[in-house]
Amino acid sequence: MRLQIKNVTFSYNKTPVLDHINFSLGDRKILAIVGPNGSGKSTLLKCIDQTLKPQKGSILLDNQDIMRLKTEEVAKKLGYVPQSNGRSFPATVFDSILMGRKPYIKWAPTTNDLKIVANVIEKLGLQQLALRDINELSGGQKQKVIIGRSLAQEPSILLLDEPTSNLDLKHQLEVLTLIKEQTKEKVSAIIAIHDLNLALRYCDKIVMLDKGTVFASGNMDVLTAENIESVYGVKVKLIMDSNRFFVIPEETNGD
C-alpha cells in the first residue's frame, strides 16, 4: 500500500508549522522523520492521522484521499502511537489492546476480535501480563502494549511518535526490533525519532525536517555529515563499523 504526502501545510493560529511537505512511502518500509525540536515531526504525524487537519495539501493511500474518509475508516488504515504520557486509564493489558478493535466493534467484541487480540498478545510475548493493569508495567512493557493496540487495528501503516523516548537501551532495541518485524509481514511504518543512530539501524527511508520544511528526503544515504550540520548545527562524523554507519558528534569547546 502506497502513502503519498502532497504539499501538506499546517499552521497553529496562523503560525506556520509545516510548509508544503512532500514524500511517499511504499509497502513494508520504515520511514524515519528526523529534525530538531520544533521542526514539525509530531505535527506531521498528527496531520497524517487526521488528528489535525492540514490547511493545504492531500494525503493519499493507494490514491485515495484519506482526508475525505470518516474517522473509523482512517483508524482501519492508520495506527497511531503517540508519545508516552505517563499513567494511563486503569485497564488490563488485554483490554488495552482490545481498544484497538474499536473501529470494527458495533455492539460487543466478536470471537474474531478476541482472537486477533490474543494473537497480538502472543506475538508481543505479553501472555504472562495479559491480566495485569497497564500502569503496573515497566516503560518498555507498556510501550509494547500501546503498539499492540495499534496492531490490533490491523492498519496498513503505523505512525509512531518517539516510540523509544524514556526507554532504556534494551527496551529501545526491543521496541524498534518489534516494529521492524511487523514491517516484514505486511505493514509500513513512519517513525518520528531523535536518535539518528537508531534511525540508521532500523529505517529504510528518511525525511529530514528543518523549520517545518523538508530539508532532504530519500534513502538513508541522505543522512550525511553536511546535512546533519545544516539541520542540527552540530558537526559530526559518520563512521562505518560492521557494515553499518554511525553518527559521532565532534567535540566542541564550551564558552
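FYI, it's all coordinate maths here, none of it is from the lab. Every value quoted in this text rests on a predicted model; they were computed, and no experiment measured them. Using ideal geometry, Cβ is built from the backbone for each residue, glycine included, and neighbour counts are taken over all protein chains shown.
List of remarks:
- Using Cβ point charges alone (K and R +1, D and E -1), the dipole size of the stretch 1-134 about the Cα centre works out to roughly 200 debye.
- J(HN,Hα) series, the stretch 75-83, from Karplus relation 6.51 cos²θ - 1.76 cosθ + 1.60, nearest Hz, glycine and proline x: 5, 7, 9, 10, x, 9, 10, x, 4
- The chain: calculated mean residue ellipticity at 222 nm from DSSP helix runs of at least 4, using -39500 (n - 2.57): -9500 deg cm²/dmol
- Estimated distance in nm for a label pair at Glu73 and Leu60, the labels positioned 7 Å out from Cα along Cα-to-Cβ: 1.7 nm
- Loop trypsin sites (Lys or Arg not before Pro), the stretch 1-102, which have at most 12 other Cβ atoms in a 10 Å radius of their Cβ (DSSP): Lys14, Lys70, Arg87
- Distances between every pair of Cα atoms in the stretch 3-249, grouped in 10 Å steps from 0 to the bin holding the largest one, split as 7, 30, 35, 21, 6, 0 percent.
- 15 Å beta-carbon shell around Glu72, net charge (K/R +1, D/E -1): +3
- The stretch 1-129 - Rg over Rh from alpha carbon coordinates, Kirkwood radius: 1.01
- Counting only DSSP beta bridges whose two residues both lie in the stretch 3-249, roughly 60 percent are antiparallel.
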